[in-house]
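One structure below.
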Amino acid sequence: MIPVLTADEMRRADRLTIDEVGLPGVVLMENAGAGVAAAVERRFPAARRVVVVCGKGNNGGDGFVAARRLHPRGAVAILVGGRDGVKGDARAHLEAAEQSGVRVVEAPDSAAWTGVGETVASADLLVDALLGTGLRARPEGLVGEAVETLARRAAEGCPVVAVDLPSGVPSDGGCFDWRVPRAAVTVTFAAPKRGHVLPPACDFVGELVVVDIGIPRRALEGASLGLIEDVDAAVVFPPREPGAHKGDFGRVLVVAGSLGKAGAAVLAATGALRAGAGLVTVATPRSCLAAVAASRAELMTEPLPETGDGGLAEEGLERLLALARERDAVVLGPGLGRDPSTWRLAREFAARCPVALLIDADGLNAIAPGGGGDGPASVVRRREAQTVLTPHPGEMSRLSGHSVSEVQERRVDSAALLARQTGAVVVLKGQRTLVAAPDGRVAVTAAGNPGLATGGTGDVLAGVVGCLLARRDAWTAAVAGAHLHGRAGDLAAGAVGEDGVVAGDVAESLPRAIRALRGSAGGAASAS
């Protein structure tokens, strides 16, 4: 898993490198700027009018180094602000750039910035070294004007190479409502930052290049967020032993479906089968049984008593518990509906289920504060076996009591808080799905695409994670399942296009995604 840093965590890594390793800041800055220049040379070899827009801080210092190294191309540096504000290592590199022949144009005010407009407009490549990870609020004044200009030039088609982050993008992620440049390439140092991997900031990063500038690995340990790699998912799919049998790969019970929603049960069960479960049984209302049984010959089915509205009735509780005792994991919730009797059944079953349990969809609504109980913690804390919760933002809103916009503004914090409160592993679905553990670990996957924004893909995810939960711990199952599901979504979109993806395509792409994960992880192992 790749460490993903906050701005404060990166500053601590810099300080440890300077104070304990003994690598001076001026050298770290040289290495950073050299990495930017190398990325420009490698990805834009035809660019001949390179303009480096520099701020007064360390990001600008990186830019002065890049301008010096790109001087043979005639690179020009524009300093947004007066040179008196440039201090320390950045000042040293400003002076080194000038002594090397780089033309540094100062723009200390709006009039001067307007005056360099022709230089910016004539560039065939802009290097954005204005703000980097230093932003915490809307850029204002002269800096705001410069950010707006960079954004406009990017929109006009001029490639922008961002240093650390596109200027104006909050370094730690989160929502923003101002215009920022959409970079073609972003060059960052030592490790990705939250703004690189979390929406909406990640949409402006373009290709992300991580440059080693000399910060040791130990300085990055303890990062509050990790980016899931293929090897983190491939670990749950070792080669099968020749003598393996179906019992070795997990027995999964899917408690799902109601009148008009039998498809949710089918999709969850198919997700479990295609992720490699040895046996999958669907427990569903009697009226749904024929549809579920006819959907896949590989499924076992169990009819249960139903309410007048076609949902599961409370009198089926003991039978469900007996079924669960014979399984390794249970998926509860897809398509259950909102009958009060069904929700009472779901709450009591969740609390008493003797094996690992994943709660999704209407199962989550049933344990939410508005579902008739005391909230998710009161149910999950009664359990002895492991639990995974898989809410989308709307369900997270109901579970947490926060608005959807608050959940989306603070996705990492929302997932981590629910995990800590309940003791469950939480999978917060959406763009860049998150996985949070009760001990504070949080992971994010970059796999997935907008084609997954269609009904039923969450049911498939529930089945995938449920399958893995039958043979692995909750954290490993959720991390691997979220990443595998995203990879399958990418394969499905590659085959039919994002607009035409349906949930069944994602489920049917799972075997190819598993094969791809194994291949990628094998390559990584060979390279190491």
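Quick look at the values:
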read-out: Relative contact order %, the stretch 16-93, counting alpha carbon pairs below 8 Å whose residues are six or more apart; value: 34 percent
read-out: Contact order normalised by residue count of the chain, Cα under 8 Å, 6+ apart, percent; value: 12 percent
read-out: MRE, 222 nm, helices only [DSSP H, n ≥ 4, -39500 (n - 2.57), over the chain, to nearest 500]; value: -13500 deg cm²/dmol
read-out: Size of electric dipole in the stretch 141-283: Cβ of Lys, Arg +1 and of Asp, Glu -1, about Cα centre, debye, nearest 20; value: 520 debye
read-out: Residue-count net charge about residue 446 - beta-carbon cut-off 13 Å; Lys, Arg +1, Asp, Glu -1; value: -3
read-out: Farthest positive-ward along the chain dipole, Cα basis, beta-carbon charges - from 4, 214, 86; value: 214
read-out: Residues listed by number, the stretch 267-284, amide nitrogen under 16 Å from residue 298 label point at 7 Å toward C-beta; value: 267-282
read-out: Relative contact order (%) - criterion: Cα under 8 Å, at least six apart; region: the stretch 2-223; value: 23 percent
read-out: Nonlocal amide H pairs with residue 103, under 5 Å, H built at 1.01 Å; value: 77
read-out: Per-residue ³J(HN,Hα) for the stretch 25-37, Karplus 6.51 cos²θ - 1.76 cosθ + 1.60, θ = phi - 60°, Hz, x for Gly and Pro; value: x, 5, 6, 4, 5, 4, 5, 5, x, 5, x, 5, 4
read-out: Cα centre as origin, Lys/Arg/Asp/Glu Cβ charges: the chain dipole, Debye; value: 600 debye
read-out: Most to least packed among 360-366, 184-190 [average Cβ atoms within 10 Å]; value: 360-366, 184-190
read-out: Positive minus negative residues near residue 431 (Lys, Arg vs Asp, Glu; Cβ under 12 Å); value: +2
read-out: Using alpha-carbon coordinates, inclination of helix 503-527 to the longest axis of the chain, degrees; value: 50 degrees
read-out: The stretch 440-464 versus the stretch 398-426: alpha-carbon centroid distance in Å; value: 16 Å
read-out: Listed peptides 407-415, 334-342, 239-247, 424-432 by packing density, highest first (mean Cβ within 10 Å); value: 424-432, 334-342, 407-415, 239-247
read-out: Amide proton proximity set for residue 208, modelled H, under 5 Å, gap of 5+; value: 186
read-out: 3J(HN,Hα) from dihedral phi, the stretch 287-295, Karplus parametrisation 6.51/-1.76/1.60, rounded to Hz, x for glycine, proline; value: 5, 8, 4, 4, 5, 5, 5, 6, 6
read-out: Folded to 0 to 90 degrees: helix 262-274 orientation relative to the chain principal axis, Cα; value: 70 degrees
read-out: Residue-by-residue Karplus 3J(HN,Hα) for the stretch 411-427, coefficients 6.51, -1.76, 1.60, Hz, glycine and proline x; value: 4, 4, 5, 4, 5, 5, 5, 5, 4, 5, 5, 9, x, 9, 7, 10, 10
read-out: Virtual paramagnetic centre 7 Å along Cα→Cβ of residue 382, amide N under 16 Å, in the stretch 277-316; value: 314-316
read-out: Amide H partners (placed H, <5 Å) of residue 255, local residues excluded; value: 283, 331, 332, 333
read-out: Shape metrics for the chain, restricted to C-alpha atoms - Rg then Dmax, Å; value: 26.4, 84
read-out: Rounded tilt (10° steps) of 7-16 against the dominant C-alpha axis of the chain; value: 60 degrees
read-out: Potential lengthening between residue 374 and residue 496 on full extension [0.36 nm per residue; Cα-Cα distance subtracted]; value: 39.5 nm
read-out: Dipole magnitude of the stretch 324-424, debye to nearest 20 (Cβ charges: Lys/Arg +1, Asp/Glu -1, about Cα centre); value: 240 debye
read-out: For the chain, with +1 on Lys and Arg beta carbons and -1 on Asp and Glu, the positive-most of 235, 461, 294 along the dipole; value: 235
read-out: Farthest toward positive dipole pole in the stretch 23-159 [+1 Lys/Arg, -1 Asp/Glu at C-beta], among 150, 31, 51; value: 31
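FYI, it's all coordinate maths here, none of it is from the lab. Computed from a predicted structure; not experimentally measured. Don't worry about glycine lacking a Cβ; one is built from the backbone with ideal geometry, like all the others, and counts go over all protein chains shown.
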